[in-house]
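> Sharing a structure with you now.
Derivation of every value follows stated rules applied to the coordinates shown; laboratory data play no part. No experiment lies behind these values; they were computed from the predicted model shown. We place every Cβ from the backbone using ideal geometry, glycine too, and count neighbours over all the protein chains shown.
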C-alpha cells in the first residue's frame, strides 16, 4: 500500500467537523485517502468564528482533494438522527471503517450538567452504538473518541470536566465489549489547542497565552494538526494492538 494513501478505500465519519479540530481531522484523513462523511450541526459552522476554509464547506474541500465526501447536518444528541445518518452513510459509501467522535465542547456553564453531558457524552455514545453495528458486520473498525485534558484532572469547569471524564471511561468499557469483533476503541485528550474558537476567545495572545504556555513543558500551544497526527496513529495499522487507551495531546501538561 502507498503509505501516503494508507487509508485508501476506507470510509470515515468525523463528527463536529464543520470547522476547527473536527475539520482538521477530516482533512487529514482525506489526505490519507479515506472517503469522509462530515457531520456538524451546521455545515456553515466555520463562519461562526471566521475560520477561512478552501471551499464553501468542508465536504467540498474534501471532494477537491480527490476522494468522496458527504455532509450531514445531524444533531448527535438525537439517537434517531444519528441512526438515520449512519444508515445513509451505509447506503452511500457501503461501510464505516473509522469513527472520530469530535462533536462537543465547553459550550455551557460549569453547573449545567445535562446539556454538557448530552453534547459531549451522550452524543459520543449515540454515534458509537450506531456505527458499531456496521463495524460488527464488517468484523473491523477503529473508533476514536475525543476527550480532554480537563477530563483527566480536577478542574474548575465541573460539568465539562466530568462529561469528558465519562467519555474517557466509556472508551475503556466499549473497548472491552468490542474487542472480540476486531473493533478498536481509543481516546485522545487534547490540551490547549489553537482551534478557531480558542483563537476567537483570545487563547493565542497576551497574558492568557503566556500563562498557559508557562504550564506546558514543550513550551507552546498545540495546533489542530498535532491532534490529527495522533488520530492517524489510532486509525491506521500502526495501532493494531492498541485499544482502550487515552492519549493526552497536551505538550506534557498532563503529567501522568
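> With labels modelled as points extended 7 Å from the Cα through the Cβ direction, what inter-label distance (nm, one decimal) is found for residue 213 paired with residue 64?
In this crude label model, residue 213 to residue 64 measures out at 3.1 nm.
> Using 0.36 nm per residue, how much length does the chain from residue 138 to residue 169 gain when fully extended, once their Cα-Cα distance is taken away?
Extending this stretch completely gives an extra 8.6 nm.
> Once you've got the GNM for the chain with C-alpha springs shorter than 10 Å, pick whichever of 12, 198, 150 has the biggest mean-square fluctuation.
Highest fluctuation among the options: 198.
> A follow-up question, please. Please check: in the Gaussian network model of the chain (C-alpha springs, under 10 Å), which one of 221, 107, 134 has the largest mean-square fluctuation.
107
> Still on this structure, I have one more. In whole Å and largest first, what semi-axes does the C-alpha gyration tensor of region 153-208 yield when each eigenvalue is scaled by 5 and square-rooted?
Numbers: eigenvalues 197, 41, 10 Å².
Here the semi-axes work out to 31, 14, 7 Å.
> How long is the gain from residue 55 to residue 111 if the chain were fully straight, where each residue apart is worth 0.36 nm and the alpha carbon distance is subtracted?
Contour length minus the Cα-Cα distance gives 16.4 nm.
> A follow-up question, please. Please give the FRET efficiency for residue 220 paired with residue 182, using the beta carbon to beta carbon distance and R0 = 35 Å, rounded to the nearest 0.05.
Once rounded, the FRET efficiency stands at 0.40.
> A further question on this structure: Can you give the three extents of the C-alpha atoms in region 137-256 along their principal axes, from longest to shortest, in whole Å?
Between the extreme Cα coordinates on each principal axis of region 137-256 lie 51, 28, 26 Å.
> Please compute the volume of the convex hull spanned by the alpha-carbon atoms of region 8-97 and report it per residue in Å³.
79
> Could you give me D for region 52-178, from Stokes-Einstein at 25 °C and 0.890 mPa s, where the hydrodynamic radius is the Kirkwood radius over C-alpha pairs? Units µm² s⁻¹, please.
Taking Rh from Cα pairs, D becomes 156 µm²/s.
> Taking the Cα centroid of region 32-104 and of region 112-187, what is the distance between the two, rounded to the nearest whole Å?
For region 32-104 versus region 112-187, the Cα centre distance is 19 Å.
> Something else now. Take the chain, connect every pair of alpha-carbon atoms lying under 10 Å apart with a spring to form a Gaussian network, then pick out the residue of 215, 149, 245 with the largest mean-square fluctuation.
215
> Between (i) 59, 46, 43; (ii) 58, 36, 33; (iii) 49, 40, 36, which matches Cα extents along the principal axes in Å calculated for the structure shown?
Computing Cα extents along the principal axes in Å and matching it to (i) 59, 46, 43; (ii) 58, 36, 33; (iii) 49, 40, 36 gives (iii).
> Can I ask one more? Rounded to the nearest 0.05, what FRET efficiency do residue 5 and residue 92 have when you use their Cβ-Cβ distance and R0 = 25 Å?
Working: r = 21 Å, r/R0 = 0.83.
E(calc), rounded to 0.05, equals 0.75.
> Please list the equivalent ellipsoid semi-axes of region 111-208, computed as the square roots of five times the alpha-carbon gyration tensor eigenvalues, in descending order and whole angstrom. Present the calculation step by step, with values, prior to reporting the outcome.
Details: eigenvalues 171, 43, 28 Å².
Calculated on Cα positions only, the semi-axes equal 29, 15, 12 Å.
> What Kirkwood radius, in Å to one decimal, follows from the Cα pairs of region 80-136? All intermediate terms of the calculation are to be shown ahead of the outcome.
Working: mean 1/r = 0.0810 Å⁻¹.
Taking every pair of different Cα atoms in region 80-136, averaging 1/r and inverting gives 12.3 Å.
> Of the listed peptides 34-40, 231-237, what is their order by residue-averaged count of other C-beta atoms within 10 Å, with the highest listed first?
So the peptides 34-40, 231-237, ranked by packing, come out 34-40, 231-237.
> How big is the convex hull of the Cα atoms of region 108-152, per residue, in Å³?
Per residue, the Cα convex hull of region 108-152 comes to 70 Å³.
> As I understand it, the value is the acute angle between the Cα axis of helix 20-31 and the longest principal axis of the Cα atoms of the chain; what does it come to in degrees, rounded to 10?
Relative to the chain, helix 20-31 is tipped by roughly 40 degrees.
> Any idea what angle helix 79-93 forms with the longest principal axis of the chain, computed on alpha-carbon atoms, 0 to 90 degrees, nearest 10?
Once rounded, one gets 50 degrees.
> Mind checking the angle between helix 158-178 and the chain's longest principal axis? C-alpha axes, 0 to 90 degrees, to the nearest 10.
The angle comes out near 30 degrees.
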